[in-house]
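Engineer: Can you keep this structure in mind? I'll have questions shortly.
No value in this document is a laboratory result; all are computed from the given coordinates. No experiment lies behind these values; they were computed from the predicted model shown. With ideal geometry, Cβ positions are generated from the backbone for all residues, glycine too; neighbour counts draw on all protein chains shown.
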Amino acid sequence: MSAGAPVPTRAVVAALIRKDLRLELRTRKSVPAMLLFSISTFVLFHFGLDARSLEGDMAAGVLWVTLLFASVLAINRLFVAEREEGGFDGFLLAPVDRTALFLAKATVLFCFLVAVELAAVPAFAVLLLEPSALPGLPELCLLLLLADAGIAVVGTLVGALAVQTRARDLIVPLLALPLMIPVVIAAARGTAPLWLEAGAEAVPGRWPAILGLYDLVFGLLAYAVFDYLLDE
Amino acid sequence: MNRHTFSRGLVPLSIASVVLLVGGFAMVFLYAPSDADQGFVQKIFYLHVPLAIVALVGFVAGGVYGIRFLRSGDRLHDLRSYVAIHISLILAVGALVTGSIWAKASWGQWWVWEEPTLVSFLIVFLLYACYQPLRFSIEDPDRQARYAAVFAVVGGAFVPLNFMAVRAAESLIHPRVLSTTGGTMPGSMRITFVVALAGMAVMFVTLCKYELTSKHASFQLRALKRRLAGEDDGWVPVRRSAAPQL
């Protein structure tokens with residue numbers, strides 16, 4: 001590339017995503033921990049609720065609360081390498097659009113969540129779900145993807161907010177959990193009819209709609225304010 | 001530091017809030033009729049609802065000042081945002097307590113999960129309760145102001161979205177006193193409520209102005225002390241604090 005020509009944002013985002021995914025593949029810091037955490041939590045719920053299997057509201061709630069807590073683990077670490085290894089400085093010195101970092105990090109977090117769910121949701125079905133064949137798979141996938149997008153956007157924002165504070169481990173869950181309550185409400189209520197004992201029912205359309213609206217609002221908002229979280 | 005007259009209008013505002021609040025509560029007990037259904041306990045409505053509305057508006061106002069701070073970099077906006085959220089948090093505690101008392105009196109339980117407005121209010125409160133810890137855990141004052149503003153903006157947008165999601169999730173047993181159809185409040189109740197709401201709003205503004213004035217006065221005092229001691233007027237934070245320092 002000739003000197004002075006601006007690098008297209010798409011290329012920057014792609015490079016950052018490649019960097020983070022390669023880092024994860026080599027160090028395996030986030031995804032295995034999230035997965036182990038999810039499965040331990042399913043076991044905990046089994047004993048805590050003293051239930052051999054779950055269905056309906058209860059099953060949806062257990063799955064979504066577990067996934068949300070697991071996502072906090074990834075959010076905690078999302079920007080740690082940037083801060084400790086000087087990645088922020090390097091990024092800020094580069095003549096690139098700053099929101100590229102937000103887009104890349106949100107995409108990476110989204111990928112982590114999808115990777116965890118690919119294993120955690122089947123594990124949940126085997127361990128705890130009453131109709132263990134995962135009925136209503138397409139609807140479930142839609143809800144999972146919409147909720148993942150919301151968690152990724154808000155998680156990236158919270159992670160960037162918290163990484164510069166002195167109490168990162170404390171700030172992330174304290175901020176992220178209330179912010180994600182709408183995600184849990186919509187995702188759990190949307191998933192519950194799929195796992196009824198009497199057989200799957202249709203998902204009411206308002207739950208995917210609320211998730212979509214949440215993704216849109218927080219996506220635009222995070223895109224607008226992310227610049228201010230990076231230091232000059 | 002340029003001179004800002006935060007104290008301007010503080011006396012008339014204080015008088016107005018005392019008059020409106022005392023007058024409002026006098027109307028609550030002497031003028032407004034007792035609710036046919038709930039009787040005397042319904043009168044807590046004139047305290048609970050204004051507290052909640054003013055607290056929510058205050059949170060959103062904190063977000064608006066957050067935007068203005070991010071756009072202008074003027075630290076006074078950061079101070080305003082901080083004060084608005086601070087006072088709103090205190091009112092929010094009041095709204096939660098009075099809501100709980102009302103729930104106990106009229107539904108027989110201290111906490112009712114089927115009540116979307118109360119539940120969303122609790123969620124908003126939990127979020128904003130992290131505002132001060134967040135500020136406190138950031139040492140660099142510039143970064144503290146910027147991050148707090150980002151938090152205020154996100155929180156301000158979260159308030160309506162959260163209310164929508166919670167409301168969609170629950171049945172509606174909360175009285176919709178402010179619905180677009182006008183509800184079924186008789187005129188005397190409506191007037192009393194408007195006076196109580198206005199009193200609460202004016203009190204909120206007054207309290208905000210008091211806190212701004214007090215903070216500003218202590219900043220000025222410190223600057224004067226430093227000048228007296230012959231130090232240069234380079235800005236140095238005295239100690240780590242959650243409050244913005246000018």
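Engineer: On full extension of the chain, what length is gained from B:Ile53 through B:Leu30, given 0.36 nm per residue of separation minus the C-alpha to C-alpha distance? Don't skip to the answer; put the middle values down first.
Structural biologist: Numbers: separation 23, 0.36 × 23 = 8.28 nm, distance 2.37 nm.
Residue separation times 0.36 nm, minus the Cα-Cα distance, leaves 5.9 nm.
Engineer: Continuing with this model, one more query. Using helices alone, what [θ] at 222 nm do you get for the protein assembly as shown, with -39,500 (n - 2.57) per DSSP H run of 4 or more residues, divided over all residues and rounded to the nearest 500? Please report the intermediate quantities before stating the final value.
Structural biologist: On the way: 17 runs with 343 residues, N = 478.
Here the helix-only value at 222 nm equals -24500 deg cm²/dmol.
Engineer: Moving on to the next point. Would you work out the relative contact order for chain A, in percent, from Cα pairs under 8 angstrom that are 6 or more residues apart? Walk me through the numbers before you get to the answer.
Structural biologist: Numbers: 267 pairs, mean separation 66.9, N = 232.
Rounded, it is 29 percent for chain A.
Engineer: Also, quick follow-up: For chain B, which DSSP H helices look membrane-span-like by this rule: Cα extent along the axis of 20 Å or more and mean Kyte-Doolittle of at least 0.5?
Structural biologist: The answer, listed by residue number, is B:10-30, B:45-72, B:75-107, B:141-169, B:187-228.
Engineer: Still on this structure, please answer the following. Which one of A:Leu93, A:Leu161, A:Leu21 has the biggest mean-square fluctuation once chain A is modelled by GNM with Cα springs under 10 Å?
Structural biologist: A:Leu93
Engineer: Once the Cα atoms of helix A:56-77 and of chain A are each reduced to a long axis, what angle between those two axes, in degrees from 0 to 90 to the nearest 10, is obtained?
Structural biologist: Between the helix axis and the principal axis of chain A, the angle is about 20 degrees.
Engineer: Okay, moving on. Quick check on the exposure proxy: order B:Cys208, A:Cys111, A:Cys141 from fewest to most C-beta atoms within 10 angstrom. Mind dumping the intermediate values first?
Structural biologist: Working: B:Cys208 20, A:Cys111 17, A:Cys141 14.
Taking fewest neighbouring Cβ atoms as first place, the list is A:Cys141, A:Cys111, B:Cys208.
Engineer: Give, in nm to one decimal, the length gained when the segment between B:Val64 and B:Val22 is fully stretched (0.36 nm per residue of separation minus the Cα-Cα distance).
Structural biologist: Working: separation 42, 0.36 × 42 = 15.12 nm, distance 3.05 nm.
Fully extending the segment from B:Val64 to B:Val22 adds 12.1 nm.
Engineer: Here is a further query. Just grab the label-to-label distance for B:Arg8 and B:Asp74, each label 7 Å out from Cα along the Cβ direction, in nm (one decimal).
Structural biologist: About 1.2 nm, to one decimal.
Engineer: Additional query: Assuming R0 = 56 Å, can you tell me the calculated FRET efficiency for the pair A:Leu93 and B:Ile15, based on Cβ-Cβ distance, to the nearest 0.05?
Structural biologist: Details: r = 57 Å, r/R0 = 1.02.
So, using R0 = 56 Å, E works out to roughly 0.50.
Engineer: How far is helix A:181-191 tilted, in degrees, relative to the longest principal axis of the Cα atoms in chain A, given as a value from 0 to 90 rounded to the nearest 10?
Structural biologist: Orientation of helix A:181-191: about 40 degrees from the principal axis.
Engineer: What's the extension gain from A:Ala15 to A:Cys141 if we count 0.36 nm per residue and subtract their Cα-Cα distance? Don't skip to the end; give the middle numbers.
Structural biologist: Numbers: separation 126, 0.36 × 126 = 45.36 nm, distance 2.77 nm.
Between A:Ala15 and A:Cys141, full extension yields 42.6 nm more.
Engineer: Ok, one more. Which whole number gives the average count of other chain Cβ atoms within 10 Å of the Cβ atoms across peptide A:112-119? Walk me through the intermediate numbers first.
Structural biologist: On the way: counts 0, 0, 0, 0, 0, 0, 0, 0.
Counting Cβ atoms of other protein chains within 10 Å of each residue's Cβ and averaging gives 0.
Engineer: Counting only the backbone N, which residues of the stretch A:113-151 are under 15 Å from the spot 7 Å out from the Cα of A:Glu197 toward its beta-carbon?
Structural biologist: A:129-132
Engineer: Ok, one more. Cut-off 10 angstrom, C-alpha nodes, Gaussian network model of chain A. Which of A:Thr191, A:Thr156, A:Thr27 fluctuates the most?
Structural biologist: In the Gaussian network model the winner is A:Thr27.
Engineer: In addition: Starting from the amide H of A:Leu129, placed 1.01 Å from N in the peptide plane, find each other amide H under 5 Å away whose residue is 5 or more places distant or on another chain.
Structural biologist: The list, which skips near neighbours in sequence, is A:Leu54.
Engineer: Quick one: angle between helix A:99-127 and the longest Cα principal axis of chain A, in degrees between 0 and 90, rounded to 10, please.
Structural biologist: Tilt of helix A:99-127: around 20 degrees.
Engineer: Wrap a convex hull around the Cα atoms of chain B, take a quarter of its surface area, and give that in square nanometres. If you can, show how the numbers build up before the last one.
Structural biologist: Details: hull surface 60.0 nm².
In nm², the orientation-averaged hull projection of chain B is 15.0.
Engineer: Suppose we take every Cα in the stretch A:1-149 and form the convex hull; what volume per residue is that in Å³? Can you show the working numbers first?
Structural biologist: Numbers: hull volume 17.7 nm³, N = 149.
For the stretch A:1-149, the hull spanned by Cα atoms encloses 119 Å³ per residue.
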